1. Does the range 232-247 hold any residues that are at pLDDT 95 or above and of a type in the set (A, V, I, L, M), and which are they?
2. Scan (1) within 28 Å of G20 (Cβ to Cβ); (2) part of a loop (DSSP other than H, G, I, E, B) for the single condition A256 breaks and write down its number.
3. Every residue in the range 25-41 that is within 12 Å of ligand 2 (Cβ to nearest atom) and surrounded by 11 or more Cβ atoms within 10 Å (Cβ to Cβ), please.
4. Would you mind telling me which numbered condition in (1) modelled with pLDDT under 75; (2) under 29 Å from N122 (Cβ atoms) L213 fails?
5. Would you be able to tell me the number of residues in the range 227-247 that are touching a Gly at 6+ places or on another chain (Cβ under 7 Å) and crowded, with 20+ Cβ neighbours inside 10 Å?
6. Only residues that are in contact (Cβ under 8 Å) with a residue 60 or more places away in the chain and part of a helix (DSSP H, G or I): list them for the range 86-107, please.
Amino acid sequence: IYRSTSSTTLPSFLLVGPSGAGKTALLTLFERGQHVETRTSQVPISVEVSLPVSTNAASLKYRSVNDPSNQVHKKFLLADTPGHGKLRHYAFDGVIKPQNLKGIIFMVDAADISMGNSGNGNEALRQAAEYLHDILLLLQKRSTSSKTSKAPKELPILIAANKLDLFTALPAPLVRTALESEISNVRSSKTKGLLDSGIGMNDLDIGEEKEWLGDGGDGKFEFSQMDEVNVAVSVAGGNVLGADGQDVKQWWDWIASNL
Ligand code: GTP
Ligand code: MG
């Protein structure tokens, strides 16, 4: 699966997210510099990617504190995972057994998520929120299960709102709020499921409960609640393809700033 033998020493980023989000399309674009037709993934794949020099040049304008020479031609490993519900153990494995993991990119199809906003329910949004909830809960457990009281190492996550070339796509700030409120729903329905299954309220002990994502309050879930467990969540939009070409600059910048 690993194409490169030097893979374990390179810093790596993990690509996760629902099926059809555009993960493999992004991987091939980053690897080859051009779009290639993709099929749904059944196995994970890792490729070596070089940060484009243009990213560094562009980032110079507003990242003057960084020495640009440090980042020129910097290489990293990008690990793509299948989004299908039955194949997500690859993604969870990648989160649990990180090898020099620098960050996680959770990609969503922003056009898919916007669908059904006017209708009854939104299956795509619910599924994306469930998947993201489970990833975030895994990250949170790194700290609640650690023997020491020390907070775990920082691990940033980028929510990449893809397919913004499509006019039906939700803009990135709305993708953020849609996911936050849907994760609130996922969180309470999971808790209700546990209570229904016979676990007493005392056993549940919300607040310290390991299955409860974010802070203990019964209010809305917000990504900022992940700060406490050293998981910085960012949301940025873009598109891997489109009539006017691709727009992946914000994602490159996020990678560059976490590399
Ligand atoms: P799985 O492998 O099943 O998890 O899906 P994936 O996330 O790898 O999706 P993939 O990269 O295979 O892309 C799915 C489809 O979306 C492909 O037909 C892509 O061409 C298309 N696609 C990807 N990015 C964009 C985009 O930015 N805009 C548009 N319009 N289509 C895109
Ligand atoms: Mg794929």
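1. The answer is A232, V233, V235, A236, V240.
2. All conditions are met except number (2).
3. Passing the criteria: A25, L26, L27, T28, V36, T38, T40, S41.
4. Single failed check for L213: (1).
5. Within the range 227-247, residues that are touching a Gly at 6+ places or on another chain (Cβ under 7 Å) and crowded, with 20+ Cβ neighbours inside 10 Å number 1.
6. Hits for the range 86-107 are A91, G94, V95.
The values are calculated or read from the model by the stated rules, or taken from the named source; none is laboratory data. These figures come from a predicted structure and were not determined experimentally. Note: ideal-geometry Cβ built from the backbone for every residue, glycine included; neighbour counts use all protein chains shown.
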